[in-house]
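Let me begin by presenting the structure, written as structure tokens, before commenting on it.
The values are calculated or read from the model by the stated rules, or taken from the named source; none is laboratory data. Nothing here was measured: the structure is a model prediction, and the numbers come from that model. Cβ placement follows ideal geometry from the backbone for every residue including glycine, while neighbour counts extend to all protein chains displayed. Ligands, DNA and RNA are stripped out before the accessible areas are found, and what is left, the full protein with its side chains, is counted by its heavy atoms. Shrake-Rupley method; radii C 1.70, N 1.55, O 1.52, S 1.80 Å.
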Amino acid sequence: MRGKIIKGIAGFYYIYAEDGEIYECKAKGIFRKDNQKPLVGDNVEITVLDEKEKEGNLTDILPRKNSLIRPAVANVDQAFVIFAMEDPKPNFMLLDRFLIMMEQEGVPAVVCFNKKDLAAEEELEYLYHTYQNCGYQVILSSALKEEGLDEIREILKGKTTVVAGPSGVGKSSLTNCLQEDIQMETGEISRKLKRGRHTTRHSQVIPIAEDTYLVDTPGFSSLYLTEMEEQELKDYFPEFRKFEGQCRFQGCRHIHEPGCAVKEALENHEISTLRYEDYLGLYEELKEKRRY
Ligand SMILES: Nc1nc2c(ncn2[C@@H]2O[C@H](COP(=O)(O)OP(=O)(O)OP(=O)(O)O)[C@@H](O)[C@H]2O)c(=O)[nH]1
Ligand SMILES: [Mg+2]
Ligand SMILES: [Zn+2]
């Protein structure tokens, strides 16, 4: 029988099968030899061992459309990346790292700033425009005040979307606002631990509507760009694309080169200083890394 992995905990996989039931399965050793670990979101083949207890074996992973490392999920159509306006304050470098990774993987990303109830209007407007000008769709939401939900529903419609972002930004709170059947635990960040007390520890696929799934995931606090040369980095900043071919030098890295169209756009405020500075920071980081 076929099914989809909706959750994985301590060697057990919970599989939503064709018959509408959820089976608890173990993956037999076969995956070790292919070096392929089952991921939440995987479409799989199972054999039922106990119909009453809903237990089975996971025997095969069907070909993936894609897979992400962080969060670890397979077969997603898009990423919905959430940062909070406050508690915790947004870390833009982390957001930009995430967006670059999605550009690299070819997974479309939507940016969401949650807890808008805690922010001033000017701050919201500034961030909205900063990321919208890069070509991303931006949502300003509040799980607390239930704002922005219709817009989010529209984005999710008919797709499988992974929700990503740091701990405590409201990923599970928004997930809970969008449907009633599965209520994820949510909780305040403990100031001491810098982690939520009811923090999400396992990714989980949650049905929202017909053909519409959300994957709630644990928060992350750091991301490292890997498998990338510093010269490539510019290709993952969508707002630079418009100026491609307009720099004086072919292969311009938009750093020190004279006659650079990107730097000119930066001066004209067509490109955001925040994003450009992150570009420079990440460029240096990648260059440093290559020395070791
Ligand atoms: N003021 C305000 N608080 C919110 C909002 N959304 C969530 N919170 C609060 O923020 C805290 C963290 O929310 P969660 O939904 O657990 O955060 P999370 O992103 O799922 O965190 P992890 O599971 O640890 O990754 C909770 O105390 C929520 O009540 C919001 O829009 N406004
Ligand atoms: Mg959570
Ligand atoms: Zn240039």
- Message: So residue 275 ticks every box in (1) surrounded by fewer than 13 Cβ atoms within 10 Å (Cβ to Cβ); (2) more than 10 Å from ligand 3 (Cβ to nearest atom) but one. Which box is left unticked?
- Response: (1)
- Query: Which residues, counting only those in the stretch 1-60, are acidic (Asp, Glu) and either assigned to a strand (DSSP E or B) or open to solvent by 80 Å² or more (accessible area, probe 1.4 Å) (or both)?
  - Reply: 18, 24, 34, 45, 50, 51, 53, 55, 60
- Query: residue 217: among the polar types (S, T, N, Q) and away from ligand 2 (no atom under 16 Å from the Cβ), yes or no?
  - Reply: no
- Note on the structure: Residue count, the stretch 114-129, condition out of contact with any Asp or Glu (no Cβ under 9 Å at 6 or more places or on another chain) and buried (at least 19 other Cβ atoms within 10 Å of the Cβ), comes to 2
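Considering 148, 158, 106, 168, which residue is under 25 Å from residue 67 (Cα atoms) and surrounded by 16 or more Cβ atoms within 10 Å (Cβ to Cβ)?
On the way: 148 fails: under 25 Å from residue 67 (Cα atoms); 158 fails: surrounded by 16 or more Cβ atoms within 10 Å (Cβ to Cβ); 106 fails: surrounded by 16 or more Cβ atoms within 10 Å (Cβ to Cβ).
Unique residue meeting the criteria: 168.
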- Message: Looking at (1) of a type outside the set (A, V, I, L, M); (2) part of a helix (DSSP H, G or I); (3) over 18 Å from the mean Cα position of the chain (by Cα), which one does residue 183 not meet, given that it meets all the others?
- Response: (2)
- Item | Sole exception among (1) at pLDDT 95 or above; (2) surrounded by 16 or more Cβ atoms within 10 Å (Cβ to Cβ) for residue 268, by number | (2)
